[in-house]
Structure formats: structure tokens, C-alpha cells
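The values are calculated or read from the model by the stated rules, or taken from the named source; none is laboratory data. What you are looking at is a predicted structure, and each value in this text was computed from that prediction instead of being measured. Because the Cβ atoms are built from the backbone with ideal geometry, glycine has one as well, and the counts that use them run over all protein chains shown. Each accessible area value is taken on the protein alone, full model and side chains, heavy atoms only, with ligands, DNA and RNA left out. Shrake-Rupley method; radii C 1.70, N 1.55, O 1.52, S 1.80 Å.
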Amino acid sequence: MAALKLNFALDDIPWNLAILDGSVTAKGIALNAFHAEEPTERHEAMHRGEFDAAEVGYSGFIRDQVLGVGYPQLALPAWGNRGLRHRALVARKGSRVQSLSDLKGGRIGNVHYGMTTNLWARNALSEAGVNLEEITWVVTVADDMTPSDLKIQVLGEVQSGGLLWPLLADDEIDAVIAPGHNFFYGTFRNFSEAKSAARLPEQYKGKFESLISDTQTCIDYVRRTKVYPIIHTMTVKREILEEHPWVATSLVDMFREAAKLAPRYLSDEERELMATEREGVGFDPYAQGWNESQEVTTHTLMKAMVEQHLIPHTIDPDTFMVPGYRDL
């Protein structure tokens, strides 16, 4: 029997690289795995049914399922991008804002409201006692996930984080939720050490820093809650899974094999950080498959989405995960 042809759009994270370079493939599948860089465009293309499978934003995917919109698809128990977003909350050095609680009633910039990164950072704010409904959210562009019943200021029509840094430098906003800072870097590195900080215009370099700068705070949060934020998930068209139910097992096995090979694509320093993080939190946050952390993280994400006016209610993961996902 001929192998099933399947197009899969992925991010080029280390845990996918063995798939993208052909070192690992899926049994029974003639896989065309390719790097599609822009997360929003990748999600929208899958939303329209342009790919057979894709790595998409977890919150956007869940929102589609709650609202019953977009091309029918189901999620594999396999993550893409992950990592804490506590350090993504960035303020100007020397400003009045020295802790998360100082942001009560303030103005916070983000690229667009619905990004999963922003959602997890806002959840950290909420857990610190900040009332999210009292914040003015300054976004560079509105999208269909921007609530109409919150304090929202839209800067324009261009999705660009570069619009936010001048406002932060001039104290026109109190903080920015910075994108990126994935995996163990979100646990161990501050904004000033991130690639996004290196890309700042010269006049802003060295002016901003993460409000949470203590590694132990990050480690303790994961150890206490078992929440290790999922940013991206892997989805497949529902019709493919209904006609070929074995595809889910084949793909999950592929992601597990790719995860085993991920260290070969990391530097010595990155491998050490990954091992230190695993020891600190007490489990492997990069294990593929449905486990306690993925269960708790998914429900925490949905509750935060309700609080942040992105969905009206939570739903059972059974409605959007592939059949038998707990046992794959």
C-alpha cells in the first residue's frame, strides 16, 4: 500500500529539526515537513485548511474549537513551542515599576492581544493579584481575538513590537510583554539576555529588563503548579484522522523520536540548561505525550482564556484532542 502523503508546517525549534532535516519521519507517511516561520500566518493557513497538519498557537486553536470556527482539525498530544513567560514582562530600568504589583491599573503594551505568549504573561500578572480588567492594553494591531469589552488602545495596523519600545522608554506605557524567550531560556534568562533585546535600536539597548529576574521563582512556580506553558500545539485535519486513525500514533511516535535527537542540535550550554531545568522542576517539561503537566497546563490555559475574555467557557480536551490521546 502506498504511503499517505501529508504536508506538515512546522517551526524550526530544536525538537522539530530531526523531522525537518529528514533524520526522523513517520511510519506509513510520505511526509513533506517544512519550516513555515511566521506563527500567525501558519495558524491562519491551517485555519483555512491550506495544510494537512501544522504547528499552531495553542490558545488560538482552542478558541476556534470553543467557537466552532475554522477548518475542522484535532490536536496531537505533542507540543511545539513551550516555556515560561514570567520574564516576558519587561519594564524600563529606573521606572516606578519594580514588581508585578506595581502594574495595577497601569498601561501594558503587547503586539496583539490574542498571542498565546501574552496570555501566559497576563496569567502571571493575575496570579500576582493584578486585576486584568483595570489594565489598559496597548496593542500594535487589533485582531479577531481582541476583546471589545476591555480597555484596549490600538496603535495602528502594523503588527510590530518595535512600536512599543519608544513608548516604554518615555514612560507612556508601564511595561511590555516581550515575545520569544522560549524553552529553558524563559526559566533562566532575563529579557536583556534574549535575542529580542539584541535586536533593539541602539538608543534603547540596556534600558529595559524583566520584572521577574529570579530563576528560583520560575522553578518554584512549575514545581508547585506542574504548569509549563504550551505556546504551540500540533494539529491535523479531522478528515485525515477519521479516514486514517493510525496517523495520530505514527505522528506522535515521530515527535518522540525527534525529541530524543533534539540535544544534538543544542549547544553544550543549552544541554546543561535543559538538564538543570528538568532537575529543578522535578519532571521533563519536554516529554511528548499527554501527561500530568500537559493536563494541568491545558486547563490552566483555558481558565485564563475565560478570565481574559478570549472564550466564553472552557471545554473538555476530549473535544479537541485526537481519539485515545491519553494513551498515545
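Here are the numbers for this structure:
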{"read-out": "For segment 138-191 versus segment 228-271, the gap between their alpha-carbon centres in whole angstrom", "value": "29"}
{"read-out": "Charge dipole (debye, nearest 20) of segment 81-230; +1 at Cβ of Lys and Arg, -1 at Cβ of Asp and Glu", "value": "620"}
{"read-out": "Protein-only accessible surface order, largest first, of Met115, Met274 at 1.4 Å", "value": "Met115, Met274"}
{"read-out": "Amide N of segment 9-49 lying under 11 Å from the label point, which is placed 7 angstrom from the Cα of Glu270 along Cα→Cβ", "value": "12-18"}
{"read-out": "Unit charges on C-beta of K, R, D, E only; dipole of segment 1-152, Debye", "value": "620"}
{"read-out": "Gain on full stretching of the segment that runs from Lys195 to Trp246 - 0.36 nm per residue minus C-alpha separation", "value": "14.4 nm"}
{"read-out": "Carbon/sulfur fraction of accessible area - the chain, other protein chains in place, 1.4 Å, %", "value": "48"}
{"read-out": "Label selected from (i) 127; (ii) 504; (iii) 190, the criterion being volume of the Cα convex hull per residue in Å³ as computed here", "value": "(i)"}
{"read-out": "Positive-end residue of Trp137, Leu150, Ala88, charge dipole of segment 80-167 with Cβ unit charges", "value": "Ala88"}
{"read-out": "Helix-derived mean residue ellipticity, 222 nm - over the chain, DSSP H n ≥ 4, -39500 (n - 2.57), to 500", "value": "-10000 deg cm²/dmol"}
{"read-out": "Length released on extending from Val296 to Asp144, taking residue separation times 0.36 nm less the Cα-Cα span", "value": "52.0 nm"}
{"read-out": "Given charges at Cβ of Lys, Arg, Asp, Glu: segment 154-305 dipole, positive-most of Cys218, Tyr286, Thr300", "value": "Tyr286"}
{"read-out": "The chain: most fluctuating residue of Val111, Val69, Val176 per GNM, C-alpha cutoff 10 Å", "value": "Val69"}
{"read-out": "GluC sites (Glu not before Pro) restricted to segment 66-162 and DSSP loop, no more than 11 other C-beta within 10 Å", "value": "Glu157"}
{"read-out": "Semi-axis lengths, Å, segment 194-246, gyration tensor of Cα atoms, sqrt of 5 times eigenvalues", "value": "39, 22, 6"}
{"read-out": "Contour minus Cα-Cα distance for Lys27 and Ala128 (0.36 nm per residue)", "value": "31.8 nm"}
{"read-out": "Simple Cβ-charge dipole of the chain, Lys/Arg +1 and Asp/Glu -1, about Cα centre, in debye nearest 20", "value": "480"}
{"read-out": "Count of lysine pairs in the chain with Cα separation under 29 Å (8 or more residues apart, or interchain)", "value": "26"}
